[in-house]
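**Q** Before I ask anything, here is the structure I am working with.
The values are calculated or read from the model by the stated rules, or taken from the named source; none is laboratory data. As the structure is a computational prediction, the values presented were derived from the model and not from experiment. Using ideal geometry, Cβ is built from the backbone for each residue, glycine included, and neighbour counts are taken over all protein chains shown. Heavy atoms of the whole protein, side chains included, go into the accessibility calculation; ligands, DNA and RNA do not. Shrake-Rupley method; radii C 1.70, N 1.55, O 1.52, S 1.80 Å.
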Amino acid sequence: DTGVSQNPRHKITKRGQNVTFRCDPISEHNRLYWYRQTLGQGPEFLTYFQNEAQLEKSRLLSDRFSAERPKGSFSTLEIQRTEQGDSAMYLCASSPGLAGDSDTQYFGPGTRLTVL
Amino acid sequence: AQSVAQPEDQVNVAEGNPLTVKCTYSVSGNPYLFWYVQYPNRGLQFLLKYITGDNLVKGSYGFEAEFNKSQTSFHLKKPSALVSDSALYFCAVRDRGPSGGYQKVTFGTGTKLQVIP
């Protein structure tokens, strides 16, 4: 399977704990994105990487959130001191990042976080 | 700022009937437009996109969408609905911007399609 993969698929944690999610993009894609989706809403942009560089972060991404993409391959999203309001589906997407292309994003299956 | 509106939270259609899911957009420049489908507890699956050229775009699973620049719309259509088409559908827009440059994608709030047997 050469699609975007995410692990874990589900995570249940207690308030105040730290969690880390992993995303493996489509191998030839330069760009990687993290989104958050809550019930009844569309995906909300969190952050974007071009190769290993984090080029844009949303105001939604508080200082408890950090994302990395070492070596421009997989990415991790860490949430420190989780709060109940962090409960959501966290989606990862990747795109080719080619000049002149529509740069279609392809999504992984998501990680559903539940904070108790 | 760019935006997407999906005016219907839910669309119900009988199996075999044509379906339309509406989307309007606002963007400062020329748009790229996308439709995605989401099944329960899954990520978004790409259906189709409008880049340029023919206003009628054909995509996966028999879906098509019509770009209307004057009405700033990009409605999703299918001639004959299947029960398996029942899912959540998202419209998205991205400004073209400079070639190769990054432009943010904005998603609508989604429309739940229910196909009734």
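**Q** Listed residues A:58, A:102, A:73; which is modelled with pLDDT of 90 or more and of a type in the set (S, T, N, Q)?
**A** Residue meeting the stated conditions: A:73.
**Q** Just name the residue that is farthest from the other protein chains (Cβ to nearest Cβ) out of those in segment A:79-116 that are charged (D, E, K, R) and crowded, with 16+ Cβ neighbours inside 10 Å.
**A** A:86
**Q** Now a separate question. Yes or no: residue A:113 among the hydrophobic types (A, V, I, L, M, F, W, C) and touching a residue at least 60 places away in the same chain (Cβ under 8 Å)?
**A** Judged against the criteria, residue A:113 is a match.
**Q** Might you let me know whether segment A:61-73 holds any residue that is closer than 17 Å to residue A:3 by Cα and either within 14 Å of chain B (Cβ to nearest Cβ) or open to solvent by 60 Å² or more (accessible area, probe 1.4 Å) (or both)?
**A** So far as segment A:61-73 goes, no, none of its residues is closer than 17 Å to residue A:3 by Cα and either within 14 Å of chain B (Cβ to nearest Cβ) or open to solvent by 60 Å² or more (accessible area, probe 1.4 Å) (or both).
**Q** If you take just the strands (runs of 3 or more DSSP E) that sit entirely in segment B:1-100, which of them hold at least 1 residues that are within 14 Å of chain A (Cβ to nearest Cβ), open to solvent by 40 Å² or more (accessible area, probe 1.4 Å) and at pLDDT 95 or above?
**A** B:3-5, B:10-14, B:87-95
**Q** Residue A:39: outside any strand (DSSP E or B), within 12 Å of chain B (Cβ to nearest Cβ) and open to solvent by 60 Å² or more (accessible area, probe 1.4 Å), yes or no?
**A** yes
**Q** Let me ask something additional. Among the residues of segment A:41-83, how many are out of contact with any Phe, Trp or Tyr (no Cβ under 8 Å at 6 or more places or on another chain) and of a type in the set (Ser, Thr, Tyr)?
**A** 4
**Q** Using beta carbons and a limit of 7 Å, which pairs, at least six apart or on different chains, have the first residue in segment A:46-64 and more than 20 Å from residue A:103 (Cα to Cα) and the second one open to solvent by 40 Å² or more (accessible area, probe 1.4 Å) and in a loop (DSSP other than H, G, I, E, B)?
**A** Filtered contacts from segment A:46-64: A:64/A:80; A:64/A:81.
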